[in-house]
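Some notes on the structure that comes next.
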Amino acid sequence: MAQAAPLAVAALRCRCPRCGRAPLYAGLLSVRERCPVCGLDLRDADTGDGPAVFVMFFLSVLVIGAAVWVEFTYSPPLWVHVVLWPVPTLVLAILVMRPAKALMVALQYRTRATEMGL
């Protein structure tokens, strides 16, 4: 097995867990089938719902806390909350989900949780 890339590189930069150079994703959240640099087969990388659950918990605390603060500080009408919170929630979900999923793929590779590390 080749030397694994550091977890910080693989997760935060969304790179291949083996070489740390090639992008992990082919689309927004679609993991590539194979690393174009080192040839690592990523088809068996299955993160399941783990990253999504942690991202939802994290964002719910953050966004609901901010909404409560805005409510008690400024007392805006309900329509302001309806207009204000969906955009930052969506942007934060995408920004946090990509590294969370990349971290899960890197951990699977390091621990040989699937056949991708063999």
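The values are calculated or read from the model by the stated rules, or taken from the named source; none is laboratory data. If you're wondering where the values come from, they're calculated on a predicted model, not measured in any experiment. Neighbour counts run over all protein chains shown; Cβ positions are idealised from the backbone, glycine included.
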Among what's in the range 84-115 and is hydroxyl-bearing (Ser, Thr, Tyr) and within 12 Å of ASP46 (Cα to Cα), pick the residue that is nearest to the chain's Cα centre (by Cα). TYR109
Would you check which residues across the range 5-29 are of a type in the set (A, V, I, L, M, F, W, C) and on the phi > 0 side of the Ramachandran plot and list them? CYS14
Only one of SER30, SER60 is farther than 19 Å from PRO6 by Cα, surrounded by fewer than 11 Cβ atoms within 10 Å (Cβ to Cβ) and of a type outside the set (A, V, I, L, M), namely SER30
Of all residues in the range 11-21, count the ones that are under 24 Å from VAL91 (Cα atoms) and not in a helix (DSSP H, G or I). 4
Residues of the range 29-58 that turn out to be within 15 Å of VAL105 (Cα to Cα) and in a loop (DSSP other than H, G, I, E, B), as a count: 14
With respect to the numbered conditions (1) among the small types (Gly, Ala, Ser); (2) outside any loop (DSSP other than H, G, I, E, B); (3) over 13 Å from the mean Cα position of the chain (by Cα), which one is the sole condition not fulfilled by ALA8? (3)
Look at PRO99 and say whether it is at pLDDT 95 or above and in contact with a Cys (Cβ under 9 Å, 6 or more places away or on another chain). yes
Do any residues in the range 34-45 that are in contact (Cβ under 8 Å) with a residue 60 or more places away in the chain have Cβ atoms under 8 Å from those of residues that are among the basic types (Lys, Arg) and part of a loop (DSSP other than H, G, I, E, B), where the two are at least six apart or on different chains, and which pairs are they? LEU40/ARG18; LEU42/ARG32
Say whether the condition of being among the hydroxyl-bearing types (Ser, Thr, Tyr) and within 19 Å of the chain's Cα centre (by Cα) is met by at least one residue in the range 22-30. yes
Can you say whether SER75 is at positive phi, of a type in the set (S, T, N, Q) and either exposed (fewer than 13 other Cβ atoms within 10 Å of the Cβ) or touching a helix residue (DSSP H, G or I) at 6+ places or on another chain (Cβ under 7 Å) (or both), as far as the supplied structure shows? yes
Here the qualifying pairs (Cβ atoms under 9 Å; residues six or more apart or on different chains; first in the range 46-59 and in contact (Cβ under 8 Å) with a residue 12 or more places away in the chain; second of a type in the set (S, T, N, Q) and surrounded by 13 or more Cβ atoms within 10 Å (Cβ to Cβ)) come out as ASP46/GLN108; ASP46/THR114; THR47/GLN108; LEU59/THR89
Which condition does SER75 not pass, out of (1) among the polar types (S, T, N, Q); (2) free of Cβ contacts under 8 Å to residues at least 12 places away in the same chain; (3) within 19 Å of GLN3 (Cβ to Cβ), if it passes all the others? (3)
